[in-house]
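Here is the structure we will look at, set down as structure tokens.
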Amino acid sequence: MNSPENDGHRIKPAVFKVLFDRHYPAVCRRLIGLLGSRAAAEDVAQETFIKLYLTPPRESANLNGWLAKVATNLAYNQLRSENSRRQRESRAGRQWDASVAEGPEEALVREEEAAFTRRVLENLPERDRACLLLKFSGMSYAGLAEVLDVRESSIGTLLARARARFKTEYTRLKESDGGVL
């Protein structure tokens, strides 16, 4: 965005205000669809525009595309961190519940199964891993399509392929470990 509108590093405040007023509503609407929450969308939209102000793109020809990509990446990061937080909280709750309801053998088996599943996921391509984690964290096909930047009609195929790769990798790792989780 090296133009008379900025000093080569940051956008001038008056120009930024015009860009913000013009693009914020569309960015926020897109994020609401991705994140499912207006409050979360507004937080991510704000972060998107902070990035625009501090480190604008070199070329302003496709500002809509730049904003959409930055907002989507930030939303994706937030979803991953929320998913991690939920998993940690869930594990902590299950560990506490499990310690009361199950013996040490059952708890160990459950922990080993979870670790093995994480290992399988780590071996998958990033898009497959994202597809599976986001879908099983409750994200809709429309939300997945937005985050992954693909057509919604492609999501079913992507999920089926990701599940097949997961199954193949699960079987391969299980066999390489001698059938032991």
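The values are calculated or read from the model by the stated rules, or taken from the named source; none is laboratory data. Just so we're clear, the structure is a prediction, and the values are computed from it rather than from any experiment. Cβ sites come from the backbone with ideal geometry, for glycine too, and all protein chains shown count toward neighbours. Side chains are part of the model used for accessible areas, which takes the heavy atoms of the whole protein and leaves out ligands, DNA and RNA. Shrake-Rupley method; radii C 1.70, N 1.55, O 1.52, S 1.80 Å.
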**Request:** For Gly143, work out the one condition from (1) over 14 Å from the mean Cα position of the chain (by Cα); (2) surrounded by 14 or more Cβ atoms within 10 Å (Cβ to Cβ) it doesn't fulfil.
**Result:** (1)
**Fill in**
Selection from segment 141-156 of residues among the β-branched types (Val, Ile, Thr) and either touching a Phe, Trp or Tyr at 6+ places or on another chain (Cβ under 8 Å) or at pLDDT 95 or above (or both) yields Val147, Ile155
**Asked** From the residues in segment 102-140 that are out of contact with any helix residue (DSSP H, G or I) (no Cβ under 9 Å at 6 or more places or on another chain), farther than 23 Å from Thr157 by Cα and open to solvent by less than 90 Å² (accessible area, probe 1.4 Å), which one is modelled with the lowest pLDDT?
**Response** Gly103
**Prompt:** If you take the residues in segment 146-156 that are open to solvent by less than 70 Å² (accessible area, probe 1.4 Å) and assigned to a helix (DSSP H, G or I), which one is nearest to Asn123 (Cα to Cα)?
**Reply:** Leu148
**Asked** In this structure, does Ile50 turn out to be open to solvent by less than 90 Å² (accessible area, probe 1.4 Å), more than 19 Å from Arg10 (Cβ to Cβ) and among the β-branched types (Val, Ile, Thr)?
**Response** no
**Complete:** Of the residues in segment 24-56, those that are part of a loop (DSSP other than H, G, I, E, B) and more than 22 Å from Leu148 (Cβ to Cβ) come to Thr55, Pro56
**Item:** Long-range neighbours under 7 Å by Cβ, at least six apart or interchain, first residue without any contact (Cβ under 8 Å) to a residue 40 or more places away in the chain within segment 27-50, second assigned to a helix (DSSP H, G or I) and of a type in the set (Ser, Thr, Tyr)
**Value:** Ala45/Tyr24; Phe49/Tyr24
**Prompt:** What pairs can you find where one residue is in segment 153-165 and closer than 14 Å to Phe136 by Cβ and in contact (Cβ under 8 Å) with a residue 12 or more places away in the chain, the other is in a helix (DSSP H, G or I) and aromatic (Phe, Trp, Tyr), and their Cβ atoms are less than 7 Å apart, with a gap of 6+ or different chains?
**Reply:** Ile155/Tyr141
**Message:** I'd like the residue in segment 164-173 that is under 26 Å from Leu108 (Cα atoms) and out of contact with any Leu (no Cβ under 7 Å at 6 or more places or on another chain) and, out of all such residues, is surrounded by the most Cβ atoms within 10 Å (Cβ to Cβ).
**Reply:** Tyr170
